[in-house]
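Heads up, the thing below is written out as structure tokens.
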Amino acid sequence: MTASTEYLISSAGSGEVTLARTIKSEWVKFGTLWSNRLLAATAVLGMVGIGWVASFFTNHDWDHLRPRQIARFDAVDTSLNGWNLAQLAIGVLGVILVTGEYGTGMIRATLTAVPTRRPVLWAKLVVLTVVAAVLMTATSFTAFLGGQLFLGSHSTTLGAPNVLRVVIATGLYLTLVAVLGLAFGTLLRNTAAGIACFIGILLVLPAITDVLPSSWQDTVVKYLPSNAGQAALTVKADPALLAPWTGMAVFACYVVAALVCAAVTLTRRDA
Amino acid sequence: MIEAEGLTKRYGAKTAVDGLSFVVRPGIVTGFLGPNGAGKSTTMRLILGLDAPTAGSVTVNGSRYARLRAPLREVGALLEARSVHTGRSARNHLRALAATTGVPTKRVDDLLEMVGLADVAHKWVRGFSLGMHQRLGVAAALLGDPHTLVLDEPVNGLDPEGIRWIRGLLRSLAAEGRTVFLSSHLMSEMAQTAEQVIIVGKGRLIADLPVADVINRASGSTVEVRTPQADELRGLLADRRIAVTPIAADRLAVNGVSSSDIGLIALENRIHLVELTPVLASLEEAFMDLTRDAVEFGGATHPALEGTPR
């Protein structure tokens, strides 16, 4: 025992906690949980799969489509429609990145190792943003390019007006959604609450506001986080929504605001 | 060195820690003893900066935990509540913690070997027994080779071999000059491991003294004597103003003098002693005497049961 203890003294080194080291720690954590990989894979495969299958069958069944369906057909939207599923998977990934630690008690080890706390949030933010941005942008391009292949004669190209903007904006929107999940997870510290809040704001809130008086709808609805962020996801701008990049900027502001709240509460509350 | 000064923590209306002041010195194992709910775990959470004190302060090596630049290098902690993600392997858990302070993976593997988890290093923590959890917690606490160790109920769930192992480990770490602070609700555990003991009840400090003193204080140095000449001895002791209580025709309970002194008195007066037994109150009794008023969840004693010999 004594011999091994002496040896172990020499191998520890001096170890100041830095943001870079915290990021490395979070990177190790991120890569060593199956639940994270599963959710990332669900987002990627779900979006690509839905886009490709929808594109294939739209092309295959083109002659049987009703005129109304053909009138509404959008080659970009058909191949990228899987973002609906992807936003759920990647958002939940953001939530559980934090709530998984609270649920298991890991957070106590994490905050004991990095007692200033906020670097933990920034490190998770960096890891999640890099992973989500790379994966979701690649997924968006893969879903689009493969989808166009399956659409055959009904396809469009990246060079067509606004198409490249939609493909890039889809990846960006999904990245921001992941970060929003991270902020909700940090604020609520509970997986069920985090996911419920996330789904409530992105999916339920727009549905609820449908019953508001129409004068309210015109002014309020387009500023909802989901509507603002999704304004950039269509080739033809929806006049009821904000301009594409304006909308994305508004959505990003919501995400930053949620992150600031998360950072403030993280250091104020007992762990 | 851990120093608490007027440390207080309230959760709503409930006061978990109430004006606690103490110093935990390096070089010895210091026990932190109290009944369940006495505020031991809360105090440890305050030491580690997981909770913020309502009033007062606690420092490690002179600075607040949150101000430490390399916390895992200075303080190793084992909390009573589990603090590991069960979906990760033991090795990856330690790797993630090690990364925050630049500890190489080689040391992670060495520590897994040392705590006896090398065989299950790649297995999910989900399947670990309580004892394996404790061993993993000890490995995590030792990651940064810290000067100070804070351990909440470290023997919990360990088998006898594991308990012996951790006692030896803690004593050798203290012998190297480190500060070792461990909590327990068992006085007997403290007697085996600690030199100094800080006793708390209802969040307040009850005593801060060497373990040996606790034992002495509680034992009251009673000696039981069996002799056919009980009356004669009783008279001799009473002459010397020594408290004697007859127990039976041939038995006396003597308070306040050592068995050696009683033997000497008997020898000088040619009294035949059959038995001469120092009676040590059990350590648990000693502890219960000290904390009697501070037991939070003590069951209401039925009047008919009071006075029942323990």
Out of the residues in the stretch A:1-11 meeting the condition of being at the interface with another protein chain (Cβ under 7 Å from one of its Cβ atoms) and either touching a Cys at 6+ places or on another chain (Cβ under 7 Å) or in a helix (DSSP H, G or I) (or both), tell me which one is modelled with the lowest pLDDT. A:Thr2
I'm told A:Gly159 meets every condition in (1) within 14 Å of chain B (Cβ to nearest Cβ); (2) modelled with pLDDT under 95 except one. Can you identify the failing condition by its number? (1)
Within the stretch B:2-22, identify whether any single residue is buried (at least 19 other Cβ atoms within 10 Å of the Cβ) and of a type in the set (Lys, Arg), and answer yes or no. yes
Output for the stretch B:232-273, where each listed residue is among the β-branched types (Val, Ile, Thr) and either over 40 Å from the mean Cα position of the chain (by Cα) or at positive phi (or both): B:Ile271
Where B:Val155 falls short, out of the listed (1) modelled with pLDDT of 95 or more; (2) not in a helix (DSSP H, G or I): (1)
So B:Ala212, is it more than 14 Å from chain A (Cβ to nearest Cβ) and either surrounded by fewer than 22 Cβ atoms within 10 Å (Cβ to Cβ) or touching a Cys at 6+ places or on another chain (Cβ under 7 Å) (or both): yes
When you scan the stretch A:168-182, do you find a residue that is of a type in the set (Ser, Thr, Tyr) and over 23 Å from A:Ala40 (Cα atoms), even just one? no
Filter the stretch B:1-60 for residues that are over 19 Å from the mean Cα position of the chain (by Cα) and closer than 22 Å to B:Leu209 by Cβ and give the result. B:Glu5, B:Gly6, B:Leu7, B:Asp18, B:Gly19, B:Gly56, B:Val58
Within the stretch B:45-80, track down each residue that is within 13 Å of A:Asp270 (Cα to Cα) and either touching a residue at least 60 places away in the same chain (Cβ under 8 Å) or more than 11 Å from chain A (Cβ to nearest Cβ) (or both). B:Ile47, B:Leu48
Return the pair list, or none, for Cβ contacts closer than 7 Å from residues in the stretch B:103-124 that are at the interface with chain A (Cβ under 9 Å from one of its Cβ atoms) to residues that are surrounded by fewer than 16 Cβ atoms within 10 Å (Cβ to Cβ) and part of a helix (DSSP H, G or I), at least 6 apart or on different chains. B:Met114/A:Ser4
Counting just the residues of the stretch A:107-140 that are part of a helix (DSSP H, G or I), within 7 Å of chain B (Cβ to nearest Cβ) and in contact (Cβ under 8 Å) with a residue 24 or more places away in the chain, which one comes out nearest to B:Ala139 (Cα to Cα)? A:Ala113
How many residues does the stretch A:141-157 hold that are surrounded by 15 or more Cβ atoms within 10 Å (Cβ to Cβ) and not in a helix (DSSP H, G or I)? 2
Where in the stretch B:196-297 are there helices (runs of 4 or more DSSP H), lying wholly inside it, with at least 1 residues that are more than 30 Å from B:Leu170 (Cβ to Cβ) and at pLDDT 85 or above? B:230-239, B:259-268
With respect to B:Ala248, determine if the residue is among the hydrophobic types (A, V, I, L, M, F, W, C), free of Cβ contacts under 8 Å to residues at least 24 places away in the same chain and more than 27 Å from B:Ala141 (Cβ to Cβ). yes
A:Gln69 being of a type in the set (S, T, N, Q), under 21 Å from A:Thr234 (Cβ atoms) and either under 22 Å from the mean Cα position of the chain (by Cα) or within 14 Å of chain B (Cβ to nearest Cβ) (or both): no
Does the stretch A:219-229 hold any residues that are surrounded by fewer than 24 Cβ atoms within 10 Å (Cβ to Cβ) and part of a helix (DSSP H, G or I), and which are they? A:Thr219, A:Val220, A:Val221, A:Lys222, A:Tyr223, A:Pro225, A:Ser226, A:Asn227, A:Ala228
If you check A:Tyr173 against the conditions, is it of a type in the set (Phe, Trp, Tyr) and touching a residue at least 40 places away in the same chain (Cβ under 8 Å)? yes
Enumeration of residues in the stretch A:230-244 that are surrounded by fewer than 14 Cβ atoms within 10 Å (Cβ to Cβ) and touching a Lys or Arg at 6+ places or on another chain (Cβ under 9 Å): A:Ala240
Is it true that B:Thr59 is within 23 Å of A:Val127 (Cβ to Cβ), touching a helix residue (DSSP H, G or I) at 6+ places or on another chain (Cβ under 9 Å) and β-branched (Val, Ile, Thr)? no
Of all helices (runs of 4 or more DSSP H) completely enclosed by the stretch A:12-96, which ones contain at least 1 residues that are closer than 30 Å to B:Val84 by Cα and in contact with a helix residue (DSSP H, G or I) (Cβ under 8 Å, 6 or more places away or on another chain)? A:19-31, A:34-60
Residue list for the stretch B:174-195, filter: in a strand (DSSP E or B) and not aromatic (Phe, Trp, Tyr): B:Thr179, B:Val180, B:Leu182, B:Ser183, B:Ser184
Working carefully through the options B:Leu149, B:Leu169, find the one that is closer than 27 Å to B:Thr86 by Cβ, within 13 Å of chain A (Cβ to nearest Cβ) and either buried (at least 23 other Cβ atoms within 10 Å of the Cβ) or aromatic (Phe, Trp, Tyr) (or both). B:Leu149
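The values are calculated or read from the model by the stated rules, or taken from the named source; none is laboratory data. What you are looking at is a predicted structure, and each value in this text was computed from that prediction instead of being measured. Positions of Cβ are backbone-derived with ideal geometry, glycine not excepted, and every protein chain shown enters the neighbour counts.
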